[in-house]
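Shown next, in structure tokens, is the structure this report addresses.
The values are calculated or read from the model by the stated rules, or taken from the named source; none is laboratory data. The shown structure was predicted, so the numbers you read here are calculated from the model rather than taken from an experiment. Backbone-built Cβ (ideal geometry, glycine too); neighbour counts: all protein chains shown.
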Amino acid sequence: MTRINPQIFREYDIRGIVDKDLTEEVIETIGKAYGTYMRKLGKKRASLGRDCRASSPAYAKAISRGINSAGLDVIDIGMVSTPILYFSLFNLDVDGGVMITASHNPGEYNGIKLCVEKDSLFGEGIQNIRKIAEGGDFALGKGTVETRDVIGSYLKFLRENVQIKPGIRVGIDYGNGMVGIAGPQILKAFRCDATELYATPDGAFPNHHPDPTVVENLEDLINTVREKKLQLGIGFDGDGDRIGVVDEDGNIIWGDMLVVILSRDILSRTPGTKIIGDVKCSGRLFKDIEKNGGNPIMWKTGHSLIKNKMKVEKAALAGEMSGHIFFADKYFGYDDALYAGLRL
């Protein structure tokens, strides 16, 4: 039986060090456990995406083998951002999804994000996957693998559902992460005057750590905005679900203030709307929402917890200090940093 470090099963995902915590054998076993979990729920197929880390192609194949061996079909959507994997849950005929990524962690890490139906698996759900993996009692079957392109559908959706004034002068720091897959194409389609940094996906992250909530990782973006006198600067994390923003003077706009800006637009159209901020957000956010006719809700930190609360409350927008911004207004209720940047 494959030995698995139980510490890799975290609250919101599975994450560990490549070739130490995570081997192809471990990944395949987790795939068997996920496939078994899904089969017990009567599910038939899942989409599968991966990031640009060196280990991700092999890990994607390994987890696909495991999922297939449990009788679940796989729709392989290739190298994509985590938000595009989420998009596939709404765009494809699938019952769940799997993303191979370690988000903003250094290159020696990798991980797995799991979804059932259109929801991220977290907490007890992830621990159930651990228990199945450790128990070794897996469903048996012969699932299939089909390759599909979702990036084109994602770009089409953005073009048709977002309005941007042409010519906006913006700096973009992709941090060699996964937004570089779709970001340059959509900025060109919207005729933005974009100065782009580090757009080529590279899992070694050679220019800086892909975490836009750390000031030192925004230095290149800040300098670019100031030197070129741009109107705005936007940075993305490794897998594309968190955003960092600087204004025209190079000052950082933190997560709660981003929600202030975005909520004012929504509330101008739909007064009384519920807006969620996590407990780390400042009181200014909640006061501003109320002042502008909204219904502020403070909730626990954690992207899966926030998404679940949005569904329960039917909230239009939510945000965390960490840069996760969630839109249900004109979108699907998950955290997509590129979409959030376009809405700015």
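Among the residues of segment 212-236, those identified as of a type in the set (A, V, I, L, M, F, W, C) and touching a Ser or Thr at 6+ places or on another chain (Cβ under 9 Å) are Val225, Leu230, Phe236. Could you tell me whether any residue of segment 134-143 is surrounded by 17 or more Cβ atoms within 10 Å (Cβ to Cβ), more than 20 Å from the chain's Cα centre (by Cα) and of a type outside the set (A, V, I, L, M)? Yes, segment 134-143 contains a residue that is surrounded by 17 or more Cβ atoms within 10 Å (Cβ to Cβ), more than 20 Å from the chain's Cα centre (by Cα) and of a type outside the set (A, V, I, L, M).
Against the criterion of being at positive phi and touching a residue at least 40 places away in the same chain (Cβ under 8 Å), Gly302 qualifies.
With the requirement that a residue be out of contact with any Ser or Thr (no Cβ under 9 Å at 6 or more places or on another chain), part of a strand (DSSP E or B) and of a type outside the set (D, E, K, R), what does segment 172-211 give you? Ala194, the sole residue that qualifies. Looking at Met79, Met38, which one is closer than 26 Å to His209 by Cβ and in contact (Cβ under 8 Å) with a residue 60 or more places away in the chain? So the residue among Met79, Met38 that is closer than 26 Å to His209 by Cβ and in contact (Cβ under 8 Å) with a residue 60 or more places away in the chain is Met79. Answer yes or no: is there a residue in segment 151-164 that is at pLDDT below 95 and more than 18 Å from the chain's Cα centre (by Cα). Taking every residue of segment 151-164 in turn, at least one turns out to be at pLDDT below 95 and more than 18 Å from the chain's Cα centre (by Cα). Of all residue pairs spaced 6 or more apart or on separate chains, those with beta-carbon atoms under 7 Å, a first member in segment 240-259 that is on the phi > 0 side of the Ramachandran plot and in the same structural domain as Arg226 (by TED's automatic domain parsing) and a second member that is surrounded by 19 or more Cβ atoms within 10 Å (Cβ to Cβ) and among the hydrophobic types (A, V, I, L, M, F, W, C) are Gly240/Met178; Gly240/Val179; Gly240/Ala337; Gly240/Leu338; Gly250/Ile222; Gly250/Val225. In the set Leu262, Leu267, Leu285, Leu258, only one residue is in a helix (DSSP H, G or I), crowded, with 17+ Cβ neighbours inside 10 Å, in contact with a Lys or Arg (Cβ under 7 Å, 6 or more places away or on another chain) and not small (Gly, Ala, Ser); that residue is Leu262. For segment 84-107, the condition holds for at least one residue, the condition being that it is closer than 26 Å to Ser153 by Cβ and acidic (Asp, Glu).
Inclusion of Lys274 among residues that are crowded, with 17+ Cβ neighbours inside 10 Å, over 26 Å from Asp239 (Cα atoms) and basic (Lys, Arg) is warranted. Tyr59: touching a Phe, Trp or Tyr at 6+ places or on another chain (Cβ under 6 Å), closer than 30 Å to Thr213 by Cα and touching a residue at least 12 places away in the same chain (Cβ under 8 Å), yes or no? No. Every condition in (1) in a loop (DSSP other than H, G, I, E, B); (2) crowded, with 20+ Cβ neighbours inside 10 Å is met by Ile126 except one, and the failing one is (1). Flag not set for Ile151, criterion: β-branched (Val, Ile, Thr) and closer than 15 Å to Ala33 by Cα. Kindly evaluate Leu230 against the criterion of being within 19 Å of His324 (Cβ to Cβ), buried (at least 21 other Cβ atoms within 10 Å of the Cβ) and not assigned by TED's automatic domain parsing to the domain that holds Asp51. It is false that Leu230 is within 19 Å of His324 (Cβ to Cβ), buried (at least 21 other Cβ atoms within 10 Å of the Cβ) and not assigned by TED's automatic domain parsing to the domain that holds Asp51.
Since Leu22 meets every condition but one in (1) crowded, with 24+ Cβ neighbours inside 10 Å; (2) touching a Leu at 6+ places or on another chain (Cβ under 9 Å); (3) farther than 21 Å from Val94 by Cα, which condition does it not meet? The failed condition is (2). When Gly71, Gly78, Gly31 are checked against the criterion of being closer than 20 Å to Ser120 by Cβ and either over 19 Å from the mean Cα position of the chain (by Cα) or part of a strand (DSSP E or B) (or both), Gly31 stands alone in meeting it.
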